[in-house]
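Take a look at the structure set out below.
Coordinate-derived values only; no laboratory data. Quick caveat, the model's predicted, so the values are computed rather than measured. A quick note on method: Cβ atoms are made from the backbone with ideal geometry, for glycine too, and the neighbour counts reach across all protein chains shown.
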Amino acid sequence: MQSKTTKLILASSSPRRAALLAQLGLFDVVIDPSSADETVGADLSPAEVVTELAARKGLEVAQRHSSCLILAADTVVAFQGKIYNKPRDEVEARQMLTSLSGQTHTVYTGLWLHDATSGCTRCAAEAAEVTFRTITPTELDWYIGTGEPYDKAGAYGAQEKGALFIESIRGDYTCVVGLPLGKLGSWLAELQ
């Protein structure tokens, strides 16, 4: 594994991704959010969307750094052929959570890692299935009122209050949070 003195640029402003990296204790993490365009074609699958966006974000940030690791990620929720990004408003958050209530959906996280020193780059998508229990109207009102749904794909945070709705997760929990650590760990092992 990398040493704590290894500098890693996180091309994201997500506090959840930063917290997961801090939990590892392997890097000196520097936050440098990407300003890459996140518009994608409607014909892409959820896995293609997240890998495309993770790569776009990473490449944009990599132009500013020449001798470190650069990590980018993107997460979406997919359910019944629709991709759920971050809700734009309360109405959209309520619609997303209502449709996910009592159902199983898939969370896709694209991960892009670049070693600027060696030029080695990895990019892939991970997926995990999440089953929600039925959310009552009172719970939905309460959760919307917390403000938590607005900066999260699918309008919920598995690592925060939204965990109350999760009945089960099949796959990597950290994929659902937005940074699949198992995949990252395997890539870091390959770089040594």
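For the charge dipole of the range 34-192, defined by +1 on Lys and Arg C-beta atoms and -1 on Asp and Glu C-beta atoms about the Cα centroid, which residue among Trp187, Thr174, Leu111 has the Cα displaced farthest towards the positive pole?
Checking the options against the dipole of the range 34-192, the answer is Trp187.
How high is the relative contact order of the chain? Use alpha-carbon pairs under 8 Å, at least six apart in sequence, and give a whole percent.
Details: 393 pairs, mean separation 41.0, N = 192.
Normalised by residue count, the contact order of the chain is 21 percent.
Label points 7 Å out from Cα along the Cβ direction at Thr6 and Val91: separation in nm?
It is 4.7 nm.
Over all directions, the average projected area of the alpha-carbon convex hull for the range 81-192 comes to how many nm²?
7.8
For the range 1-82, list log₁₀ I(q)/I(0) at each q in 0.16 Å⁻¹, using the Debye formula over Cα point scatterers of equal strength and ignoring solvent, two decimals each.
-0.65
Would you kindly state how much longer the chain becomes between Ser66 and Glu160 on full extension, computed as 0.36 nm times their sequence separation minus their alpha carbon distance, in nm to one decimal? Can you show the working numbers first?
Numbers: separation 94, 0.36 × 94 = 33.84 nm, distance 3.53 nm.
The span from Ser66 to Glu160 would gain 30.3 nm if fully extended.
Between Glu38 and Thr146, what length in nm is gained on full extension when 0.36 nm per residue of separation is reduced by their alpha carbon distance?
Gain on extension, Glu38 to Thr146, equals 36.2 nm.
Can you tell which of Pro180, Pro149, Pro15 shows the greatest fluctuation in a Gaussian network model of the chain with Cα springs below 10 Å?
It is Pro15.
To the nearest 20 debye, what is the magnitude of the charge dipole of the range 66-192 about its Cα centre, counting +1 on the Cβ of each Lys and Arg and -1 on the Cβ of each Asp and Glu?
Once rounded to the nearest 20, the dipole reads 180 debye.
How large is the direction-averaged shadow of the alpha-carbon convex hull of the range 33-124, in nm²?
Working: hull surface 26.6 nm².
Average of the hull's projected areas for the range 33-124 equals 6.7 nm².
Modelling each spin label as a point 7 Å along the Cα-to-Cβ direction, I'd like the Ser168/Ser118 distance in nm, to one decimal.
3.8
Just to be sure I follow the definition: excluding the sites themselves, where is the longest run in the chain that has none of the trypsin sites (Lys or Arg not before Pro) in a DSSP loop with at most 11 other Cβ atoms within 10 Å?
Value returned for the longest uninterrupted segment is 89-192.
If you build a Gaussian network model of the chain, linking Cα atoms that sit under 10 Å apart, which residue out of Asp141, Asp172, Asp32 swings the most?
Looking only at Asp141, Asp172, Asp32, the biggest GNM fluctuation is shown by Asp141.
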